[in-house]
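S.K.: Mind having a look at this structure? Questions to follow.
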Amino acid sequence: MNFFRQLISKPWLSSELDIPGSLSTSPMQQSAKTALIFFLLVVTVVFFLLTITFLSRSQYPDFMALAGAPWLPFTQPVTLWINSAMLFLASLSIRNAAIGQLINASEGRKRVMLSLCLTVLFSGLFLIGQLLVWKQLTESGFAVNGNPANSYFYLFTGIHGLHLAGGFMALLWVVIKFVKHADNERFSASLGLCVWYWHYLFIVWMLLFALLTATPDTYNTIALLCGF
């Protein structure tokens with residue numbers, strides 16, 4: 001409901017410039033929050049449409065799932081589980097940074113800086129891990145054009161990785177703000193938006209993980225329920 005209230009708000013009226021209990025009282029910061037929500041909605045629609053086409057494509061005879069048989073790469077996706085743990089730790093770290101920012105002391109400042117560094121570290125390890133999975137797949141003969149399931153895996157993980165890389169740019173800007181003025185209100189708002197973004201990317205990745213490592217029987221069941 002807060003999102004719809006922001007859409008119908010009239011920031012040119014002075015009585016609505018300050019909203020008690022909101023993330024920020026600045027109209028610019030409220031606009032940034034609304035823009036992020038809109039962006040995440042668009043990204044969600046893109047992933048949803050790709051998922052629909054993926055499930056539809058799974059019903060063609062040339063589609064070979066990447067899991068379900070002993071010799072397939074994602075029957076036991078250990079590397080993907082490790083990558084998932086890295087992204088989960090990154091999500092926890094950036095949340096911890098937001099909590100530490102509320103502590104107006106040197107101890108809180110150290111907590112924020114350490115948490116932000118850990119977020120960068122774990123996020124970087126996740127991206128590196130994804131590239132290693134790509135390398136393992138290609139070396140095992142699962143090239144991008146070898147099978148529709150392969151193509152969708154590279155597509156899904158590539159788009160997700162690009163969104164995480166884009167989040168890195170925003171996070172670096174947040175770190176710069178923290179170094180210059182840690183108690184600044186704009187820093188708090190920006191960090192809060194990054195927390196939302198990292199949590200969102202983790203949820204999306206877990207859904208993609210479940211989709212891409214499913215067995216053919218699972219695809220057939222979901223496709224049947226969707227009417228394919």
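The values are calculated or read from the model by the stated rules, or taken from the named source; none is laboratory data. No experiment lies behind these values; they were computed from the predicted model shown. A quick note on method: Cβ atoms are made from the backbone with ideal geometry, for glycine too, and the neighbour counts reach across all protein chains shown. What goes into the accessible areas is simple: the full protein's heavy atoms, side chains included, and nothing from ligands, DNA or RNA. Shrake-Rupley method; radii C 1.70, N 1.55, O 1.52, S 1.80 Å.
S.K.: Being within 25 Å of L40 (Cβ to Cβ), open to solvent by less than 60 Å² (accessible area, probe 1.4 Å) and part of a helix (DSSP H, G or I) narrows it down to one residue among W205, W196, W173; which is it?
M.R.: Exactly one of W205, W196, W173 is within 25 Å of L40 (Cβ to Cβ), open to solvent by less than 60 Å² (accessible area, probe 1.4 Å) and part of a helix (DSSP H, G or I), namely W205.
S.K.: Mind checking which residues of segment 53-69 are surrounded by fewer than 12 Cβ atoms within 10 Å (Cβ to Cβ), closer than 18 Å to G227 by Cα and not hydroxyl-bearing (S, T, Y)?
M.R.: P61
S.K.: Over 19 Å from I203 (Cβ atoms), open to solvent by 50 Å² or more (accessible area, probe 1.4 Å) and assigned to a helix (DSSP H, G or I) - does that describe any residue in segment 78-94?
M.R.: The answer is yes, given that some residue of segment 78-94 is over 19 Å from I203 (Cβ atoms), open to solvent by 50 Å² or more (accessible area, probe 1.4 Å) and assigned to a helix (DSSP H, G or I).
S.K.: Suppose we filter segment 208-219 for residues that are open to solvent by less than 70 Å² (accessible area, probe 1.4 Å) and assigned to a helix (DSSP H, G or I); how many remain?
M.R.: So the answer is 8.
S.K.: Given the conditions (1) closer than 21 Å to F209 by Cβ; (2) without any contact (Cβ under 8 Å) to a residue 60 or more places away in the chain; (3) hydroxyl-bearing (S, T, Y), which single one is not true for Y152?
M.R.: (2)
S.K.: Also, quick follow-up: Any chance segment 118-125 includes a residue that's of a type in the set (S, T, Y), assigned to a helix (DSSP H, G or I) and crowded, with 17+ Cβ neighbours inside 10 Å?
M.R.: Checked segment 118-125: at least one residue is of a type in the set (S, T, Y), assigned to a helix (DSSP H, G or I) and crowded, with 17+ Cβ neighbours inside 10 Å.
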